[in-house]
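Working notes for the structure below.
Just so it is clear, none of the values below were taken in a lab; they were calculated from the coordinates. Just so we're clear, the structure is a prediction, and the values are computed from it rather than from any experiment.
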Amino acid sequence: MKSLLILFSYHHKNTEKIANVFAKVLDAQIKTPQQINPEALQEYNLIGFGSGIYGAKHHEDLLDLADKLPQVTNKKAFIFSTSALMGKDKVAKDHALLREKLLSKGYKIVDEFACKGFNTNSFMKYFGGMNKGRPNAEDLRLAEEFVQNLKSNLQKNSFNPNKEDFLL
């Protein structure tokens, strides 16, 4: 299964830490949205799209790339993120715009992952930030478990995700 991770991570590299775990398990390359030729994505069986959450959505560079993607038929993708706040409903809303864009291009979203990330945006920097040390070892363990399960399920062709297990 040829896999690719498309990642935008800056500030504290929270989402990059998660992507590195995914890349190791999937034997996948990690590229930024700027490094992607949308037409070249046809050669991949699975594509992960991830960034931190900014203003309740993925980073604009990732969303802009999603707009430029060509139509596909049932290409498998997953979405991932880190953010200051968590909760099933919040993550679903945070991922909604990227999910909608990918679905409109014909991608099949096979699963989603989110965890807390260290945040010093806005006024938070004056208080030392929020979620210091996140993602932590437990977050990385859950990321590895998530991607191992994802890989196994896709290889079996019997995909039955349980997203709630991975939204921390």
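On a 23 Å Cα-Cα criterion, which of the cross-link pairs Lys76/Lys132; Lys93/Lys116; Lys68/Lys88; Lys2/Lys105; Lys13/Lys76 come out too long? Each step should come with its number before you reach the end.
On the way: Lys76/Lys132 33 Å; Lys93/Lys116 15 Å; Lys68/Lys88 29 Å; Lys2/Lys105 20 Å; Lys13/Lys76 25 Å.
Too far apart for the 23 Å limit: Lys76/Lys132; Lys68/Lys88; Lys13/Lys76.
Starting from the Cα coordinates of region 1-123, work out the convex hull volume and express it per residue in Å³. Mind showing how you got there, number by number?
On the way: hull volume 11.7 nm³, N = 123.
Dividing the Cα hull volume of region 1-123 by its residues yields 95 Å³.
Hey, what's the Cα Rg ratio for region 1-46 versus the globular rule of thumb, 2.2 N^0.38 Å?
Dividing the Cα radius of gyration by 2.2 N^0.38 Å gives 1.15.
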query = Once the Cα gyration tensor of region 42-95 is found, what semi-axes does its equivalent ellipsoid get, as square roots of 5 times the eigenvalues, in whole Å, sorted largest first?
reply = 23, 13, 9
